[in-house]
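First the structure, in the form of structure tokens, and then the observations on it.
The values are calculated or read from the model by the stated rules, or taken from the named source; none is laboratory data. Since the structure is predicted, the reported quantities are computational estimates derived from the model, not experimental observations. All Cβ positions, even for glycine, are placed from backbone atoms using ideal geometry, and neighbour counts span all protein chains on display.
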Amino acid sequence: MGNLPFWTSEGQDILETKRQGRWVMGFSKLPYQFLATKCDLPKFKMDDASHTYLSNTVYYPGDLKWEEIKIEFVDPEDPQYSSVRTLLGIIEQSGYHPLANQNDRSFFSKKRACEVTGAVKIMQIANRSVGSASNLFEDVATWTLHNAWVKAVEPGSLEYGKPDELKCSITLRYDWATIEYPDGGQIFSKGTGTI
């Protein structure tokens with residue numbers, strides 16, 4: 001790692017920070033990525049265990065658990081592009097349907113749910129090529145959710161007197177996430193991560 005530029009640096013060494021509003025959702029089963037309006041980044045918590053001896057307590061790291069993320073979408077009026085229609089279709093293709101009769105033994109499976117959810121990526125982008133028409137934005141970090149599946153779909157809520165866009169949301173559950181950087185660095189990849 002080189003020296004971190006300071007806020008008052010000039011030229012190429014100006015320090016830029018990532019922005020909340022500069023990101024793209026790569027959701028292979030929902031092709032209209034521009035409909036996403038809000039997205040949580042992957043996060044986790046680590047359990048701990050404690051041991052008390054006399055008047056001292058020491059703590060040990062426990063299991064690491066990735067938390068669910070929520071993604072919000074706007075829902076177009078045209079049924080062909082409806083976010084809710086696509087998201088409910090994912091649940092149906094994952095194996096849900098009302099029981100046909102008492103002998104109906106269909107159910108969800110993780111494999112099927114992950115397959116129909118498809119690859120989920122969150123790309124944080126930045127303006128790196130000021131003044132250049134080609135490749136105006138580039139990825140500065142890409143999160144990939146592994147074994148992601150749709151846990152919840154919220155079609156939104158209606159209210160008279162509100163001209164706001166109707167937003168729907170999904171909650172995704174996943175086993176783990178990795179993050180990649182443009183310089184080839186990866187964290188949480190299988191095996192040893194490289195910073």
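Before moving on, here are some points about what is shown:
- Candidate set from region 35-76 (those that are modelled with pLDDT of 90 or more and surrounded by 16 or more Cβ atoms within 10 Å (Cβ to Cβ)); member that is nearest to Gln20 (Cα to Cα): Cys39
- Where Asn127 falls short, out of the listed (1) under 26 Å from Glu68 (Cα atoms); (2) in contact with a Leu (Cβ under 8 Å, 6 or more places away or on another chain): (1)
- Wholly enclosed strands (runs of 3 or more DSSP E) of region 24-92 bearing at least 1 residues aromatic (Phe, Trp, Tyr): 44-53, 56-66, 69-74
- So Lys45, is it closer than 21 Å to Trp143 by Cα, among the basic types (Lys, Arg) and either touching a residue at least 60 places away in the same chain (Cβ under 8 Å) or touching a Leu at 6+ places or on another chain (Cβ under 8 Å) (or both): yes
- The set of residues in region 141-158 that are surrounded by fewer than 18 Cβ atoms within 10 Å (Cβ to Cβ) and either within 13 Å of Ala177 (Cα to Cα) or among the aromatic types (Phe, Trp, Tyr) (or both) comprises His146, Asn147.
- Qualifying residue in region 16-24 (condition: at pLDDT 70 or above and touching a Gly at 6+ places or on another chain (Cβ under 9 Å)): no
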